[in-house]
Amino acid sequence: MKLSFDTMSPREQRLVKIGAVAAVAILIFGVLIPLDSSVTKARARVTQKQADLLWRAALKGAADLSRKHTSTPGCRSLDVLHVASAIELQFKQFTTFDSRQQQLAKAAGLKLVTPTV
């Protein structure tokens, strides 16, 4: 039962063309566009999860820094978070006007850059 497009009647050819257009429309609007939307949403969720993981790692680093280094300089919690975030983001240099934060950054292995006014 082989039928070629050319041997079909004009009415049947129109029906085949309409069917092909409908199939393409269903594929585009029923599969590809929703799939693209799902991928975009999934990428946004992954980005948010990565930011959450980075923040959790910074908090863990802050706890470690606090245990190891804060008894002597007397750093405040936000000072520790600032230095821990710099370490987690893999910064090599650190700039601050706060002398206690400078001591903590130096103790944590960051290179201090002296700010100028």
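The values are calculated or read from the model by the stated rules, or taken from the named source; none is laboratory data. Note that the structure is predicted; figures quoted are calculated from it, not measured. So basically every Cβ, Gly included, is an ideal-geometry build from the backbone, and we count neighbours across all protein chains shown.
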Select from the stretch 33-80 the residues that are in a helix (DSSP H, G or I), basic (Lys, Arg) and in contact with a helix residue (DSSP H, G or I) (Cβ under 9 Å, 6 or more places away or on another chain) and write down the one among them that is farthest from Ala107 (Cα to Cα).
Lys60
What do you reckon, is Gln90 of a type outside the set (D, E, K, R) and either in contact with a strand residue (DSSP E or B) (Cβ under 9 Å, 6 or more places away or on another chain) or surrounded by 15 or more Cβ atoms within 10 Å (Cβ to Cβ) (or both)?
no
Yes or no: the stretch 11-26 includes at least one residue that is without any contact (Cβ under 8 Å) to a residue 12 or more places away in the chain, exposed (fewer than 11 other Cβ atoms within 10 Å of the Cβ), over 23 Å from Ala107 (Cβ atoms) and basic (Lys, Arg).
yes
Subset of the stretch 92-108 that is farther than 15 Å from Leu81 by Cα and within 30 Å of the chain's Cα centre (by Cα) - its residue that is modelled with the highest pLDDT:
Gln93
If I ask for residues that are of a type in the set (S, T, N, Q) and without any contact (Cβ under 8 Å) to a residue 24 or more places away in the chain, which ones from the stretch 45-89 would you list?
Thr47, Gln48, Gln50, Ser66, Ser71, Ser77
Ser85 passes all but one of the listed conditions (1) modelled with pLDDT under 90; (2) polar (S, T, N, Q); (3) surrounded by 14 or more Cβ atoms within 10 Å (Cβ to Cβ); the exception is number (1)
Residues in the stretch 90-102: is at least one closer than 24 Å to Asp52 by Cβ and without any contact (Cβ under 8 Å) to a residue 12 or more places away in the chain?
yes
